[in-house]
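Taking it in order: structure first as structure tokens, then the write-up.
The values are calculated or read from the model by the stated rules, or taken from the named source; none is laboratory data. Bear in mind the structure is a predicted one, so any value in this text is a computation, not a measurement. Heads up, the Cβs are rebuilt from the backbone with ideal geometry, glycines too, and the neighbour counts pull from every protein chain shown.
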Amino acid sequence: MSIFIGFIALMLAIPTYGISLLLWLFFKYQYDKTTATRVLINAIVMSYKNNGNNEVRHHINNAALSLVFDMYGGKVLYDENSAVSGILLHPVNKNALLVTMTQVSDNRLLIKATDVNE
């Protein structure tokens with residue numbers, strides 16, 4: 001979906017002198033921010049609550065993966081093409097969590113959160 005919107009923004013950039021590209025960047029950031037605050041943090045908490053079992057989410061942009069650490073005061077330890085790992089505080093009880101998010105085939109994101117001490 002974002003590739004399609006990006007293509008449309010690029011096509012409209014020529015007659016609008018780049019305004020459509022700025023709008024696309026704004027809306028993409030807002031989409032990633034919403035994904036991080038509503039989808040990813042909930043999946044992280046659910047994985048932690050289920051003893052570190054993988055949670056699966058579909059169609060998540062890679063930009064949202066790092067953004068969740070920025071928004072919740074975490075620290076990224078590893079950021080490669082399709083995987084992000086880091087330390088994040090649990091939003092309710094403030095336990096330090098080791099969070100790993102990995103993009104796999106069929107545009108699926110595996111999310112695993114465990115206690116840092118384990």
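Here are the numbers for this structure:
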read-out	value
Qualifying position, being small (Gly, Ala, Ser), modelled with pLDDT of 85 or more and touching a helix residue (DSSP H, G or I) at 6+ places or on another chain (Cβ under 9 Å), among ALA36, ALA9	ALA36
Neighbours by Cβ (under 7 Å, 6+ apart or cross-chain): first from region 1-12, closer than 19 Å to ILE60 by Cα and polar (S, T, N, Q); second modelled with pLDDT of 80 or more and not in a helix (DSSP H, G or I)	SER2/ASN61
Test: VAL84 is of a type outside the set (Phe, Trp, Tyr), within 10 Å of MET101 (Cβ to Cβ) and surrounded by 13 or more Cβ atoms within 10 Å (Cβ to Cβ)	yes
Whichever residue in region 105-118 is outside any helix (DSSP H, G or I), at pLDDT below 90 and not polar (S, T, N, Q) and, among such residues, is surrounded by the fewest Cβ atoms within 10 Å (Cβ to Cβ)	GLU118
Filter result for PHE26 (surrounded by 13 or more Cβ atoms within 10 Å (Cβ to Cβ) and among the aromatic types (Phe, Trp, Tyr))	no
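Condition check ((1) charged (D, E, K, R); (2) within 11 Å of the chain's Cα centre (by Cα); (3) farther than 19 Å from LYS28 by Cα) across all residues:
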{"site": "HIS59", "(1), (2), (3)": "no, yes, no"}
{"site": "VAL84", "(1), (2), (3)": "no, yes, yes"}
{"site": "VAL92", "(1), (2), (3)": "no, no, yes"}
{"site": "LEU97", "(1), (2), (3)": "no, no, yes"}
{"site": "ASN107", "(1), (2), (3)": "no, no, no"}
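Conditions (1) farther than 18 Å from VAL116 by Cα; (2) surrounded by fewer than 17 Cβ atoms within 10 Å (Cβ to Cβ); (3) not β-branched (Val, Ile, Thr), marked per residue:
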residue	(1), (2), (3)
ALA36	yes, no, yes
MET46	no, yes, yes
LYS49	no, yes, yes
ALA63	yes, yes, yes
PHE69	no, no, yes
LYS75	no, yes, yes
ALA96	no, yes, yes
